[in-house]
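The values are calculated or read from the model by the stated rules, or taken from the named source; none is laboratory data. Given the structure is predicted, the values throughout are model-derived calculations rather than measurements. We place every Cβ from the backbone using ideal geometry, glycine too, and count neighbours over all the protein chains shown. To get the accessible areas, we keep the full protein, side chains included, count just its heavy atoms, and leave off ligands, DNA and RNA. Shrake-Rupley method; radii C 1.70, N 1.55, O 1.52, S 1.80 Å.
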Amino acid sequence: MEFVIKQSALKEELGFVQGIVEKKSTIPVLSNILIESVGEGTIRIVGTDLDVTIRCETSAEIKQAGSMCIQARKLFDIVRLLENQDVHFTKEENEWVRMSCGKSKFRLAGVSREQFPEVPEFRSTPLKLSAKVFNHFIQHTSFAITQEQSRFTLSGAKFMVGDGTVKMVTTDGHRLAFIEKQESLDGTMDALIPKKALIELTKISRDSNGEISFGEDPNHIYFEVDGRLLITRKLSGTFPNYEMVIPKSNDKTATFDAEEMKAAIRRVSLMADERTRSVKLTIKSGEIEISSQAAEEGEANEYITADYQGEEVTLGFNSAYLQDFLNVVSANEAEAAQETETEGETVKVKDGRLRLALDFKDSNAQTLVRLANDTTYDYKYIVMPLRI
């Protein structure tokens, strides 16, 4: 095989594949990528860890059709440091690959094409959803996916399409993130998507202004965006009944400024017990007191204003669970909130600042946090309380 490709184009596509390729795999060939010619003017780059596969295509001058397998990380490290000129690849008979760019010349060890695993055959992607909406779903739910590998069915997101809505749900057993949007798609889906696939999907679609096309077969889900294809195995097993977790009888609501709460939690949690990370929210008329205490280190408390009239209630939470949520909404919602407000779709900011609503019943029931008066998305974050 022999081809010539622009350094900038190659660097971009190799960057997308890096997150998939196993750097220290028990199967050595998985640290390699497959590069093969497609027609007269395109090369295809494939990386896989057997669970998630990314396939990218980009223009190149094909001098001799064929394929090559090269160590992925080493190639990427070289290409990103090359000058922005044409890169010339030539495969030798012993699977080694020569590459040159300007005055730079390299010779890289390769492996046989036959050693590279067969990737799932591409099926159709009949469903389409805006890349912006899909990324919004992932950003607002993926942080609640469990980190425990033993909890296999919780190590991804439940993704549902049908009845005029699109939904995504994640949980680690202590908290749950749920998001829904009214979208009439031409088809249905109910599948568990692994977290790694979600992260890589955001990378290949982050700069897209178009749509993500997707479909499924019994074992895989296929995502296609801007000519790039991501294939992932579905997680097997039964996802918990998330509807039972979402509280229906929380009759008290306090609304507050998201940035004020984020800053207060960040400061007060410095004095939280290292084992439980617990903070107390004492909700009173017109304010919320945030406090923490570590037995031998000290204590902290802070007040923020809140729209609330009612009896005093004290709630206990793992501060990390609150911070995760507040970091996500403050980073992703403030700008979007301002934009949608001007379009008349929602009123969720006050004086240009994001407002949140805390729906609760008592100190023993799960608490629901949401964006105040958001009509674009139905976004809920449910946190189980800590005993105080």
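General observations
- Neighbour net charge for residue 322 - beta-carbon separation under 11 angstrom, K R +1, D E -1: +3
- The chain - mean residue ellipticity at 222 nm from DSSP helices (-39,500 (n - 2.57) per run, n ≥ 4, rounded to 500): -5500 deg cm²/dmol
- Helix 7-17 vs. the chain, principal-axis angle (Cα, 0 to 90°, nearest 10): 50
- Kirkwood Rh in Å, taken over the range 85-187 so that all alpha-carbon pairs contribute: 18.2
- Under the convention that each Lys and Arg Cβ holds +1 and each Asp and Glu Cβ holds -1, the size of the dipole of the chain around its Cα centre is about 1020 debye.
- Shape of the chain, Cα gyration tensor, a/c cut at 1.5: prolate
- Charge-dipole axis of the chain as Lys and Arg at +1 and Asp and Glu at -1 on Cβ define it, positive-most pick from 222, 177, 106: 106
- Accessible surface, per residue, of the chain when the full set of protein chains is kept, probe 1.4 Å, Å²: 49
- Too-long pairs where the Cα-Cα distance tops 19 Å, listed order kept, from 195/262; 24/203; 167/262; 158/234; 132/203; 158/262: 195/262; 24/203; 167/262; 158/262
- The trypsin sites (Lys or Arg not before Pro) of the range 180-233 that DSSP puts in a loop, and whose beta carbon has at most 16 other beta carbons within 10 Å, are 206.
- 0 to 90° range, to nearest 10: angle between helix 258-268 axis and the chain longest Cα axis: 80
- The C-alpha atoms of the chain define a longest principal axis, and helix 319-332 lies at about 60 degrees to it.
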